[in-house]
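Worksheet for the structure shown next.
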Amino acid sequence: MAKRVGMEVAIAAAEAVALCRIDVAAVYPITPNTHIAEHLAEIVADGKLDAEYITVESEHSSISACCGASGAGARAYTATSSQGLMLMHEILPIVSAMRLPVVMGLANRAVSGPLNIWNDHSDIMPQRDSGWISFFAENGQEAVDMSIQSFRIAEDPEVMLPIVLNIDGFQLTHMIEALELPSQKEVDRYLPPFRPLATLHPDKPVSMGAYAFPDIFTEVMKVKDSVLIDSKKTILKAWDEWGKQFGRWYKPVETYKADGAEVLIMTMGSMGETASIAVDELRAKGVPAGLVKLRLWRPFPFEEFREAIKGAKVLIVCDRAVSFGGPGGPVAAEVKSALYNDAGRPAVLNFLIGLGGRDVTVENFKDILEKGVQAINKKPAGGYIFYGVRE
Amino acid sequence: MSIVQNFDLFAHKLVDKRESFCSGHRACQGCGEVLALRHICKALGDDIVVANATGCMEIISSNYPHTAWEVPWIHVAFENAAAVGSGVEAALKVLRRKGRIPDRDVKTVAVAGDGGTVDIGLQALSGAMERGHNMTFFCLDNEAYMNTGIQRSSATPFGAATTTSPAGKVSMGQKTGKKNVPEIMVAHNVPYVATACPSYPLDLMNKVEKAKRVQGPSYIHVFSMCPTGWRSASSETIKLGRLALETGVFPLYEVENGKYRLTVEMPEKLRPVSDYLKLQGRFRHLTPADIEKVQEKVNQELKKLLHKVETSKSWLE
């Protein structure tokens, strides 16, 4: 039976990963992923999990070791943050091209410079085009559930792609939350053993990671793209079965009081809960505000997104990363491009908020939503706004 | 002296005729590196998994959908062969323990060129060796970035002209000597470290077998003659490897648990380095005075090595 516990989210995420009976973990310490790294090491050291824990000398080597381990048929896990992910950047598209179902827990943190260890999404955004499935957890329970779901989805023969699970650093990883930790039996029922299609073993030798001439490279890119797009079917199925087994339901795009909302605010990750309080307060005053939360970042859930924002006049996109000198925050830029051809699309307002751990309060969200209300009648100028910047 | 007359002559016939690195690859004519790799694969046998760094050997062997590898092989990137190998080794260990793969020894092998070992791959190599993975790492050293067009690495010898250390009016080519990675490996307490050269195939294969038997990390630094990059005749590859030994440029030795030992005897009176240099276009620009400097460097390095051969002791003693 699942047990209800009060636990730090990073610890709970590590517990969830251990419940997945991983074979190999390769983790390099970086704040704020450290508690995941440490707790996994403890679990292995106590003999509660039979796994090899590789104490790599860098993140570049942690993701590389995961490639080797996954290629040899092991269930492999890594975790990192910020600079660590940037150091892995080179290897990420190779993992997806090689169809290695590595799972990564990412404690999101701002990318230097200046050095800043606190939370935003500037680490994951530059990895957008790496061909990985990318999830965002909103709270501790989601971090636990999605850690387990990730292995099942990644290793599905129809998918065989790596997954990164975004867990906001500190604001989520270091919170103690009430959550339900599934039992080993329950996880075993949900998550079948890893059955790779080919492995590195002399009994049946294969070559992995051949190089491609121009005559085949485009085709490989097309396959990578198709597989990622098609993975949504497996993701939906895995979430559906999760709901049936555990009673917690997951969707690519979550909405909160979005019905009849003229102004919608869109968040990713832990900010959703704060934003929902602001929506409650404004709704109580009769303001037609609602919330859209993007859980699935890649593959981008176009259909579900369009459905979620239907009827809204203004869509406020909260970006937690800057695309310097570009069209807006990376999420807003995507949303705008997704909506470009749609008749009756909402006006899009783009706020860059919560950068490098800057607190975003309920009051801030109310203020932002009210700016959205003003934009119902007055078409907003394009571009983006650094919310709350001191100039 | 071998107890069997002409042992070396006949011993080749005892070598396994099977090729796990097979023909049809795209290496240059006279490539010393691919010859070394072929011998290495013969000596390693079938029960291996190879992690290969980006570089000449990867490029010539794995043009999709072709492969020259009849043993399991993985290539991920340039600088991470040791890290990928670490993951393979960890996986083989845990999967064997859990009964998910057959219960027998399978050796993890990492292969990289000099760039992938001594420059960009040094950190991953150091990490893997320090952690003590059961893995043999081969540095196939052709003394520059040959795959990208002969740029200098920190394994390029003093005085060699490369495309990024060209000889010019105010430069005599490479200004520094070779980074001594075998010594760095010994400093990691790696129990078996050796140098080898495909011009001495039996010595090479013996070392590979020894390295394979080590339950832990081992490292072999293989001198890999490169006619393309060294501007030498492809017919003189083997001769160059022999001259490298006979001039003292690349001595063949092994280090077992810290104890240095020469494995191929060097002539009592070494040949002058000019005998080795003059066959290669990369040294063509050197003046007699420059050659003298090269000779001094070679003498100095050899002296350091011989001192270690004389004084080092096994740390197991």
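Where a number appears in this text, it was derived from the coordinates with a stated rule and is not lab data. Just so we're clear, the structure is a prediction, and the values are computed from it rather than from any experiment. Using ideal geometry, Cβ is built from the backbone for each residue, glycine included, and neighbour counts are taken over all protein chains shown.
Give the whole-number value, in cubic angstrom per residue, of the convex hull volume spanned by the C-alpha atoms of segment A:306-366. Provide the component values of the computation, followed by the final result.
Working: hull volume 5.5 nm³, N = 61.
For segment A:306-366, the hull spanned by Cα atoms encloses 91 Å³ per residue.
Can you report the principal axis dimensions of segment B:172-300 using only the alpha carbons, biggest first, rounded to whole angstrom?
Reported extents, whole Å, longest axis first: 47, 29, 29.
Taking the Kirkwood radius as the inverse of the mean 1/r across Cα pairs, report the Rg/Rh of chain B. It would help to have the intermediate numbers written out before the result.
Details: Rg = 19.1 Å, Rh = 19.9 Å.
Result for chain B is an Rg/Rh of 0.96.
How large is the dipole of the protein assembly as shown about the Cα centre if only Lys and Arg carry +1 and Asp and Glu carry -1, each at its Cβ, rounded to the nearest 20 debye? Walk me through the intermediate numbers first.
Working: 78 positive and 82 negative charges, 215 e Å.
So the magnitude is around 1040 debye.
Run through segment B:77-171 and list the trypsin sites (Lys or Arg not before Pro) located in a DSSP loop whose Cβ has at most 12 other Cβ atoms within 10 Å.
The qualifying sites are B:104, B:169.
Suppose every Lys and Arg Cβ carries +1 and every Asp and Glu Cβ carries -1, with no other charges. What dipole size does segment A:3-246 come out with about its Cα centre, to the nearest 20 debye? Display every interim value, and only then the final one.
On the way: 19 positive and 32 negative charges, 106 e Å.
I would put it at about 500 debye.
Compute for segment A:202-250: radius of gyration divided by Kirkwood radius, i.e. Rg/Rh, restricted to C-alpha atoms, rounded to two decimals. Before the final figure, lay out the partial values.
Numbers: Rg = 17.6 Å, Rh = 14.0 Å.
Result: Rg/Rh = 1.26.
Please report, in debye to the nearest 20, how large the charge dipole of segment A:253-386 is about its Cα centre when each Lys and Arg carries +1 at its beta carbon and each Asp and Glu carries -1 there.
On the way: 17 positive and 16 negative charges, 64 e Å.
Its charge dipole is roughly 300 debye.
Please state the relative contact order of chain B as a whole percent: Cα pairs under 8 Å, 6+ residues apart? Each step should come with its number before you reach the end.
Details: 623 pairs, mean separation 50.6, N = 317.
Computed over chain B, the figure is 16 percent.
Over 11 Å apart: what share of the alpha carbon pairs of segment A:103-144 falls there, rounded to a whole percent? Before the final figure, lay out each step's value.
Values: 610 of 861 pairs.
Counting pairs separated by more than 11 Å, the tail of P(r) holds 71 percent.
Any chance you could get the radius of gyration and Dmax over the Cα atoms of chain A, in Å?
Over chain A's Cα set, Rg and Dmax evaluate to 20.7, 69 Å.
Hey, if you put +1 on the Cβ of every Lys and Arg and -1 on every Asp and Glu Cβ in segment A:253-386, which of A:350, A:302, A:258 ends up farthest toward the positive end of that dipole?
My answer, from the dipole projection, is A:350.
Sequence neighbours fewer than 8 away in the same chain don't count; with that in mind, list the lysines whose C-alpha is under 27 Å from residue B:107.
Candidates past the 8-residue exclusion: A:204, B:13, B:17, B:42, B:93, B:98, B:207, B:210, B:212, B:259.
Could you work out the percent of alpha carbon pairs in the protein assembly as shown separated by over 36 Å, rounded to a whole number? Please list the in-between numbers first.
Values: 120009 of 250278 pairs.
Every Cα pair in the protein assembly as shown considered, those over 36 Å come to 48 percent.
With a bin width of 5 angstrom, please list the P(r) values of segment B:103-198 as percents of all Cα-Cα pairs, from the 0 bin to the one holding the largest distance.
All Cα pairs considered, the percentages come to 3, 12, 21, 21, 16, 11, 8, 4, 2, 1, 0, 0, 0.
Over the protein assembly as shown, what is the percentage of antiparallel beta bridges among all DSSP beta bridges, to the nearest 5? Present the calculation step by step, with values, prior to reporting the outcome.
Numbers: 23 of 87 bridges.
Here the antiparallel bridges make up roughly 25 percent for the protein assembly as shown.
At q = 0.11, 0.15, 0.21 Å⁻¹, what is the log10 ratio I(q)/I(0) for segment A:1-141, with the Debye formula run over Cα points and no solvent?
The calculated log intensity ratios at q = 0.11, 0.15, 0.21 Å⁻¹ are -0.38, -0.72, -1.38.
For segment B:257-317, what are Rg and Dmax over the alpha carbons, in angstrom?
For segment B:257-317, the Cα-based Rg and Dmax read 15.3, 48 Å.
If you add up the charges near residue B:276, with Lys and Arg at +1 and Asp and Glu at -1, over every other residue whose beta carbon is less than 10 angstrom from its beta carbon, what do you get?
Numbers: positive: B:239, B:242, B:271, B:278; negative: B:246, B:275.
Here the charged neighbours net out to +2.
Rounded if a/c is under 1.5, else prolate if a/b is larger than b/c, else oblate: which is segment A:231-364, with a ≥ b ≥ c the root eigenvalues of its Cα gyration tensor?
Here segment A:231-364 falls in the rounded category.
Kindly provide the pair-distance distribution of segment A:85-217 built from C-alpha pairs, with 5 Å bins from 0 and whole-percent values in order of increasing distance.
In order of increasing distance, the bins hold 2, 9, 16, 18, 18, 15, 11, 7, 4, 1, 0 percent.
Go through B:56, A:91, B:45 and say which Cα lies farthest out towards the positive end of the charge dipole of the protein assembly as shown; charges sit on Cβ, +1 for Lys and Arg, -1 for Asp and Glu.
Sorting the options by dipole projection puts first B:56.
Please name which of A:55, A:169, A:229 has its Cα lying farthest along the dipole of segment A:3-246 towards the positive end, using unit charges on Cβ (Lys, Arg +1; Asp, Glu -1) and the Cα centre as origin.
A:229
Using Cα pairs under 8 angstrom and six or more residues apart, how large is the relative contact order of segment A:253-386, in percent?
Numbers: 233 pairs, mean separation 38.4, N = 134.
29 percent.
How far, in degrees from 0 to 90, does helix B:201-213 lean away from the longest principal axis of the Cα atoms of chain B, to the nearest 10?
That helix lies at roughly 40 degrees to the long axis.
For segment B:11-91, run through the trypsin sites (Lys or Arg not before Pro) and keep only the ones in DSSP coil with at most 14 other Cβ atoms within 10 Å of their Cβ. Numbers along the way, then the final one.
On the way: sites: B:13, B:17, B:18, B:26, B:38, B:42; in loops: B:17, B:18, B:26.
The qualifying sites are B:17, B:18, B:26.
For chain A, what does the relative contact order come out to in percent, with C-alpha contacts under 8 Å and a separation of six or more? Intermediate results must be reported in sequence, preceding the final value.
Numbers: 795 pairs, mean separation 62.9, N = 391.
Over chain A, the number comes to 16 percent.
Taking residue A:224 as the anchor, which lysines have their alpha carbon closer than 16 Å to its alpha carbon, excluding any fewer than eight residues away along the same chain?
A:232, A:233
Just to be sure I understand: of the beta bridges DSSP finds with both ends in chain A, what percent are antiparallel, rounded to 5?
Working: 12 of 48 bridges.
In chain A, DSSP labels about 25 percent of beta bridges as antiparallel.
Specify the angular offset, from 0 to 90 degrees and rounded to the nearest 10, of the alpha carbon long axis of helix B:32-44 from the longest principal axis of the alpha carbons in chain B.
Approximately 30 degrees, to the nearest 10.
Rounded if a/c is under 1.5, else prolate if a/b beats b/c, else oblate: with a ≥ b ≥ c from the C-alpha gyration tensor eigenvalues square-rooted, which is segment A:285-391?
Details: a/c = 1.45, a/b = 1.14, b/c = 1.27.
Taking the square roots of the gyration eigenvalues as a ≥ b ≥ c, segment A:285-391 is rounded.
Give me the Kirkwood hydrodynamic radius of segment B:16-117, using the inverse of the mean 1/r over all pairs of distinct Cα atoms, in Å to one decimal. All intermediate terms of the calculation are to be shown ahead of the outcome.
Details: mean 1/r = 0.0703 Å⁻¹.
So the Kirkwood estimate lands at 14.2 Å.
What aspartates and glutamates could a cross-link reach from residue B:313, if we take a straight Cα to Cα line under 16 Å and drop same-chain neighbours fewer than 8 places away?
B:183, B:254, B:256
How big is segment A:139-286 in terms of Cα radius of gyration and Dmax, in angstroms?
Over segment A:139-286's Cα set, Rg and Dmax evaluate to 20.0, 69 Å.
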